[in-house]
Amino acid sequence: MIGERIIEVAVLPSTNDYMKEMWHKLSHGTVVVAATQTKGRGRFGRVWHSPEGGLWFSVLFKPRKMLKPHFFTRACSVAVVRALKKFGIESHLKWPNDVYCDGKKIAGILTESVFEEDVLKAIIVGVGVNVNNDLPDYLVEKSVTMRELTGRKIDTRAVLRCTLSELRKLYVRYNHKPEALTRIWKTLLIQKEGSNIEFVAGDSILRGTLLKIKEDCLLVRTSHGNLEVRSTEILSS
Ligand code: BTN
C-alpha cells in the first residue's frame, strides 16, 4: 500500500537519489521523506531549493502491472492539488505537472524511471511542496509557500499524510482506468484545449491556439504553422 512504510531522514542529498539506490530493497509504495535536501533536483536538471520547513519526499512504485510513468506523475500532482485544498488552498496545474497558486509555483514533481536491461522496473516520483520554508530572493517572485498563502505555520507531516491519502485513493480508483485520471488531470490544467497560449520560440515570443494537450508536448497552431511546445517555453495561457 502506498505510504505503508515511510522512511524519515533528517538530511539527504535527494530523496529521488535515495530511491534510485535503494529501490530493489524496498517494496511498492515506500515513501522516503527528508527534512532537508542538499542536492534537491528539479526537472531539466535544475536545482530544487530544499531547506528545512518544506516537504520533500519520493514515492516508489513497483506495481505488478506497469503503467506509463505519466500515470504516476499525474496521480501525484492531482493528489497534491487535492491535499492543498484540504488546507484551504486552491491550486492548478501548469502543464505538465507543476502546481501553481495565483501564478506562483507551490509544488513540483520529478518522475524518474528505473530500467534493467531495457525493462521498466520501478518508477520514482519525487514531490517538493513549499510549506513553511523560506524562499531565496530569486524565487520570491515566482514561487509561494503554504505558510504565505494561509498566514500560519503548517504541519508538514499533516501535508504528507493528506497527500498520501489522496494518492492512495486515486491509485486504487484509477490504476485500471488511467484515461479517467487523465480526464481529471486535464480539468486541473491551467492550459485548456482551444485557448490561446504564449510561449518562447528561439528569440521570439509567439502566441497560438492550443490544439491538443499531448503526453510530451502541447500542439499549438501559430501563424508559423503547428508547433510542438514544451513546458520550459510556456509563458502564459
Ligand atoms: C520541478 O518542478 O522541477 C520538480 C521538483 C521536484 C522536487 C522534489 S523534492 C523531493 C524529490 N527529490 C528531489 O531531488 N527532487 C524531488
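Converting the Cα gyration tensor eigenvalues of the chain into ellipsoid dimensions via √(5λ) gives semi-axes, longest first, of 28, 22, 17 Å.
For region 196-236, the C-alpha radius of gyration divided by 2.2 N^0.38 Å, with N the number of residues, is 0.99.
Using a simple spin-label model with pseudo-atoms 7 Å out from Cα toward Cβ, K20 and D102 lie 3.6 nm apart. Taken about its Cα centre, the chain carries a charge dipole of about 900 debye when Lys and Arg each add +1 at the Cβ and Asp and Glu each add -1 at the Cβ.
For region 6-188, what % of the accessible area comes from carbon and sulfur atoms, probe 1.4 Å? After summing per-atom areas, the C and S share lands at 52 percent.
What is the packing order of peptides 196-205, 142-151, 126-135, taking the mean over residues of other C-beta atoms within 10 Å and listing the highest first?
On the way: 196-205: 13.3, 142-151: 17.0, 126-135: 23.2.
Descending packing order for the listed peptides: 126-135, 142-151, 196-205.
In percent, rounded to a whole number, the relative contact order of region 127-237 is 15, using alpha-carbon pairs under 8 Å and six or more apart. Here, region 1-141 has an Rg and a Dmax of 14.7, 45 Å when only alpha carbons are counted. For the residue pairs K65/K192; K65/K214; K121/K177; K85/K153, the C-alpha atoms sit more than 25 angstrom apart in K65/K192.
Residue pairs exceeding 28 angstrom between C-alpha atoms, taken from K62/K212; K39/K169; K142/K186: K62/K212; K39/K169.
Summary value for region 51-109: 22 percent relative contact order, contacts being C-alpha pairs under 8 angstrom separated by 6+ residues.
Can you tell me the relative contact order of the chain? Whole percent, Cα pairs under 8 Å, sequence separation 6 or more.
Reported as a whole number, the value is 16 percent.
The mean of 1/r over all distinct Cα pairs in region 176-224, once inverted, gives the Kirkwood hydrodynamic radius of 12.0 Å. With the charge dipole of region 6-188 set up from +1 on Lys and Arg Cβ and -1 on Asp and Glu Cβ about the Cα centre, the Cα lying farthest toward the positive end among the listed residues V9, L110, L139 is that of L110.
About the centre of its Cα atoms, region 196-236 shows a dipole size close to 180 debye [charges on the beta carbon of Lys, Arg (+1) and Asp, Glu (-1) only; nearest 20 debye]. Ligands, DNA and RNA are left out, and with a 1.4 angstrom probe the accessible area of region 6-188 is 48 Å² per residue. Comparing A158, A34, A75 in a Gaussian network model of the chain, where Cα atoms under 10 Å apart are tied by springs, the biggest mean-square fluctuation is seen for A158. Among R161, R152, R74, the largest mean-square fluctuation in a Gaussian network model of the chain (Cα springs under 10 Å) belongs to R152.
Have a look at N175, L84, G208 and report the one farthest towards the positive end of the charge dipole of the chain, computed about the Cα centre with Cβ charges (Lys/Arg +1, Asp/Glu -1). So the residue furthest toward the plus end is N175. Our helix-only sum for the chain, with -39,500 (n - 2.57) per DSSP H run of n ≥ 4 divided by its residues, gives a mean residue ellipticity at 222 nm of -8500 deg cm²/dmol.
The values are calculated or read from the model by the stated rules, or taken from the named source; none is laboratory data. In this text the structure is predicted, and so the values were computed from the model without any measurement. Positions of Cβ are backbone-derived with ideal geometry, glycine not excepted, and every protein chain shown enters the neighbour counts. For accessibility, only protein heavy atoms count, side chains too; no ligands or nucleic acids. Shrake-Rupley method; radii C 1.70, N 1.55, O 1.52, S 1.80 Å.
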